[in-house]
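The values are calculated or read from the model by the stated rules, or taken from the named source; none is laboratory data. The model shown is predicted, which means the values in this text are computed figures rather than measured ones. Cβ atoms come from the backbone with ideal geometry, glycine included; neighbour counts cover every protein chain shown.
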Amino acid sequence: SCGFVAIVGRPNVGKSTLMNRILGQKISITSRRPQTTRHQVMGIKTVDDTQFIYVDTPGMHIMSKDRNKAINRFMNQAATQALRDVDCVVFIIDRTRWTDEDQAVLKRLEHVKAPVILAVNKVDRLQDKNDLLPWLAEVGARRDFAAVVPISAKHGTQVEALEEEVAKYL
Ligand code: GDP
Ligand code: MG
């Protein structure tokens, strides 16, 4: 089988790092600077007889107040297009912060019919692991997520578990 997986999230949450980790090579640009990825980056991973087509989706965070800017309008359209006909969405957030931009991305996912998996990234940076469970419960209640998986894209922690969740929907 084969399927499309969209990776979405506000800038700097680790979308490109996750793509690179899953695909095992540097195909997506990572940077501290927001919006390094202006275009969609796509990568294919074959596991047994399943092809996973991952798409790093920029522009999901753009909020309505910016709607008049041509570049924002363009990226908005590209982001919406990317979510059409995907089999699964991986929505990435940071381990300790929920921002207006995260909320904007969540809103963009409102009409998406594909299952949305919440990946809570950068757990390697957690000072106190006890903070994680209440946070997962809080963010996990913001939508009926198909799964909530804490990960470290940078270190690879739990990334295989995330891929196994994705595989359920292909
Ligand atoms: P994107 O804008 O969502 O594509 O985010 P990037 O993948 O470019 O990552 C933004 C920054 O966060 C980079 O400096 C990454 O090295 C860092 N980063 C990404 N994932 C992790 C992680 O799991 N742990 C830590 N500590 N840093 C991460
Ligand atoms: Mg990126």
- Residue check for Gln25: part of a loop (DSSP other than H, G, I, E, B), modelled with pLDDT under 90 and away from ligand 2 (no atom under 13 Å from the Cβ): yes
- Task: Please give the number of the condition Met60 fails out of (1) out of contact with any helix residue (DSSP H, G or I) (no Cβ under 7 Å at 6 or more places or on another chain); (2) part of a loop (DSSP other than H, G, I, E, B); (3) more than 21 Å from Gly24 (Cβ to Cβ); (4) aliphatic (A, V, I, L, M).
- Result: (1)
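Name the residues in the stretch 1-19 that are under 21 Å from Asp49 (Cα atoms) and modelled with pLDDT of 90 or more, would you?
Listed by number, the residues that qualify are Gly3, Phe4, Val5, Ala6, Met19.
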- Message: Looking at (1) more than 22 Å from Ala6 (Cβ to Cβ); (2) at pLDDT 95 or above; (3) among the charged types (D, E, K, R), which one does Asp128 not meet, given that it meets all the others?
- Response: (2)
